[in-house]
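Just so you know, all these numbers are worked out from the coordinates, no wet-lab data involved. Everything numeric here is computed off the predicted structure, so don't read it as measured data. FYI the Cβ positions are ideal-geometry reconstructions off the backbone, even for glycines, and counts take in every protein chain you see.
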Amino acid sequence: APAPGSARTRLVNGSSSCSGRVEVLHNGMWGTVCNKGWNLTEAQVVCEEVGCGHAVLARVVCSQLVCGASVEAPGKASFGQGHGPIWLDEVNCTGAEGGITECSLKPWGAPNCSHGEDAGVVCSDPTEVRLVNGPNRCAGRLEVLHNQQWGSVCSKGWDMKDAAVVCRQLGCGPPISTPGSARFGRGHDPIWLETVSCQGTEAALSECRVQKWGSLSCHHGQDASVVCSDPMVVRVENGPNRCSGRVEVLHQQQWGTVCDDGWDLPDAEVVCWELGCGAAIEAPGKARFGRGQGSIWLDEGNC
């Protein structure tokens, strides 16, 4: 395995900087990753490594007739086949790694794979939605980026399921409200979306069903807004990366810890969402990440 920091990861041939065929730099040469065992957990590690949002799809590049389809999405050669070495095979990540080369994997080089089995990912793009004119980054008028221009969203049919997707994509906590009628001021640019319909579980607004881009029947007095809970009241400390560690909460301007009585995966899932991380993998107690200082603020959490 390479020394820490000697390998880099990129996504190529996708529709944005947050989608494409996964390639890793090793020995001065870019190579691909074999799709054996490739799923959303591995994809999430890559998405975080390249600075994108949640993994939306873990995509097989080859055609379904050649090597089958992944669970998450059938391969349609949408990212093309690579041409250099196939560096990684049978990658197995827990989701807590800081990069794909920290995951469990076979020795470098994959003689039993072909470029018809190159793995790719589709991550949500952290720059494609924003909340503006609010008190913080997790509350405000909703704007989306389309054709390199920011525009607002019509509040017709806008509800908490739609807001939940925006909050998740921004790495904020769960939604508190969905005020309409331009609560955070009128926009000035295009109204890009109208009649958005989300299930609430999507990783990005781009996954939701929309009527069309551009609205002729709405005006800026109907701009949609979102108020998410602020993730900055929770943090994790003393872990290997920003998505694992001892849970601490801010109360009365003082950071304190959480008792592990009743602490389980559903509780951890809420923290992961609030921090803008992926799915909860484990909910360790017994001060796994060291003993905290100061107050123990919460006990017997039940989410």
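Points worth noting:
- The value for the range 183-245 of Rg(Cα) / (2.2 N^0.38 Å) is 1.61.
- Kirkwood Rh in Å, taken over the range 143-184 so that all alpha-carbon pairs contribute: 11.3 Å
- Subtracting the Cα-Cα distance of Gln254 and Glu282 from their residue separation scaled by 0.36 nm leaves 7.5 nm.
- Exposure proxy for Val132, Val33: other Cβ atoms within 10 Å of each Cβ, ordered fewest to most, give Val132, Val33.
- Over the range 167-302, equivalent-ellipsoid semi-axes from the Cα gyration tensor in Å: 37, 16, 11
- With each label modelled as a point 7 angstrom along the Cα→C-beta vector, the Gln293-Val12 pair spans 4.8 nm.
- Net charge, Gly187 excluded, C-beta distance under 14 Å - Lys, Arg +1, Asp, Glu -1: 0
- Taking each residue as 0.36 nm, the span from Arg209 to Val233 lengthens on full extension beyond its C-alpha to C-alpha distance by 5.4 nm.
- Here the label points at His146 and Asp261, each 7 Å from Cα along the C-beta direction, are separated by 5.1 nm in the simple model.
- Cα-derived Rg to Rh of the range 142-214, Kirkwood definition: 0.92
- Loop trypsin sites (Lys or Arg not before Pro), the range 195-303 (other Cβ atoms within 10 Å of the site Cβ: 12 or fewer; DSSP): Lys212, Lys286, Arg291
- Lysine pair count for the chain [Cα-Cα under 23 Å; pairs on different chains or 8 or more apart]: 4
- Size descriptor, Kirkwood hydrodynamic radius, that averages inverse alpha-carbon separations across the chain, Å: 20.8 Å
- Paramagnetic reach from Glu300 (point 7 Å along Cα→Cβ, amide N under 17 Å) across the range 254-278: 258-264, 267
- Counting only Cβ charges, +1 for Lys and Arg and -1 for Asp and Glu, the dipole size of the chain around its Cα centre is about 680 debye.
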